[in-house]
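Novice: Sharing a structure below in structure tokens format, with a few things to ask.
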Amino acid sequence: MTPPKLTATRSEHKSEQVVETLAQAIVRKDYQEGVFLPSEGELCRQYGVSRSVIRDTIRRIAAAGLVETRHGIGTYINPSSEWNLFDPLLLAAFIDSGNLPAISQELVELRTMVEIESARLAAQRITPRTRQLLHEWLEQMEIGIDDIETFVRADVAFHNLIIASTENRFLIQITKYLTGLSIESRRITSEIGGSAGRRKAQQWHGAIYEALCQQNPAAASDAMRQHMEQLREIMTRALRTLAPPGD
């Protein structure tokens, strides 16, 4: 395998770059699940760092569930089912390695489960101030229909505000962990769906907003469900578009 290069990472410190680069390599499947990483000495040579840096790196990626150290044998690449997808390191690795489509469909499924119930709860607990803020984000999305970055930023804020309105701390914490990944996933669906897709999404945003203002839980959850169905359709199309040739 070509030795990894310490590029395209988020950190300035070399030790952190090694952590991020190795996490990306595992996510890209440069190292296959079920095999062992190269020895400490070989990793030191490949990355140009000391053994202490490599040991710290292994401890960090092990904390994210990517690997398991088997004393006297080596460091084993865990099955992806054991990876901690909520770990910021792993979320960043999926984004920075260009491998986000691998988990985007699962993210949509999670969002569907979380956001339909969140809309129902928010309709019961929404405040006048939240209604005002939601309306402002709706206006921002309308302004940004033809500007993906503006639209995505307002879209994320709109949905996060609905979840915050549930006053459920578990839902709010899950949302915080997923925000970075959600932004990248939305960029994909906004690009693939085009302006027509964004306008359709905006229609559902408006329906969700009206149901919340009316404090109608059933209507809010139904509008959110239909919005999530639209998102699932676009993501399915996006995954087909982004799939490598021959897949």
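Novice: Could you please let me know if GLU233 is at pLDDT below 95 and either buried (at least 21 other Cβ atoms within 10 Å of the Cβ) or under 21 Å from ILE143 (Cβ atoms) (or both)?
Specialist: Judged against the criteria, GLU233 is not a match.
Novice: Taking the stretch 30-60 as the region of interest, how many residues are loosely packed, with under 12 Cβ neighbours inside 10 Å and within 28 Å of the chain's Cα centre (by Cα)?
Specialist: Looking only at that region, the number is 3.
Novice: Name the residue, out of VAL49, VAL35, that is of a type in the set (Val, Ile, Thr), closer than 22 Å to SER15 by Cβ and free of Cβ contacts under 8 Å to residues at least 60 places away in the same chain.
Specialist: That would be VAL49, the only listed residue that is of a type in the set (Val, Ile, Thr), closer than 22 Å to SER15 by Cβ and free of Cβ contacts under 8 Å to residues at least 60 places away in the same chain.
Novice: Another question, if that's okay. Go through GLU139, GLU191, GLU184 for me and flag whichever is modelled with pLDDT of 95 or more and part of a helix (DSSP H, G or I).
Specialist: So the residue among GLU139, GLU191, GLU184 that is modelled with pLDDT of 95 or more and part of a helix (DSSP H, G or I) is GLU139.
Novice: Answer with yes or no whether THR57 is out of contact with any strand residue (DSSP E or B) (no Cβ under 8 Å at 6 or more places or on another chain) and either in contact (Cβ under 8 Å) with a residue 12 or more places away in the chain or outside the structural domain of GLY180 (by TED's automatic domain parsing) (or both).
Specialist: So THR57 fits the description; yes.
Novice: Here is a follow-up. Looking at the structure I just gave you, is ILE172 more than 15 Å from LEU100 (Cβ to Cβ), of a type in the set (Val, Ile, Thr) and in contact (Cβ under 8 Å) with a residue 40 or more places away in the chain?
Specialist: Taking the combined requirement at face value, the residue does not satisfy it.
Table: residues versus (1) touching a helix residue (DSSP H, G or I) at 6+ places or on another chain (Cβ under 9 Å); (2) assigned to a loop (DSSP other than H, G, I, E, B).
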| residue | (1), (2) |
| --- | --- |
| ARG59 | no, no |
| SER81 | no, no |
| ILE116 | yes, no |
| ARG131 | yes, no |
| ILE145 | yes, yes |
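Novice: Then there's this: Going by what's in this entry, would GLY72 be described as touching a residue at least 40 places away in the same chain (Cβ under 8 Å), loosely packed, with under 14 Cβ neighbours inside 10 Å, at positive phi and not assigned by TED's automatic domain parsing to the domain that holds ALA223?
Specialist: no
Novice: If I filter the stretch 175-218 down to residues being among the hydroxyl-bearing types (Ser, Thr, Tyr) and either outside the structural domain of GLU139 (by TED's automatic domain parsing) or surrounded by 18 or more Cβ atoms within 10 Å (Cβ to Cβ) (or both), which single residue comes out as farthest from ILE103 (Cα to Cα)?
Specialist: TYR209
The values are calculated or read from the model by the stated rules, or taken from the named source; none is laboratory data. Since we're looking at a predicted model, the values are computed, not measured. Heads up, the Cβs are rebuilt from the backbone with ideal geometry, glycines too, and the neighbour counts pull from every protein chain shown.
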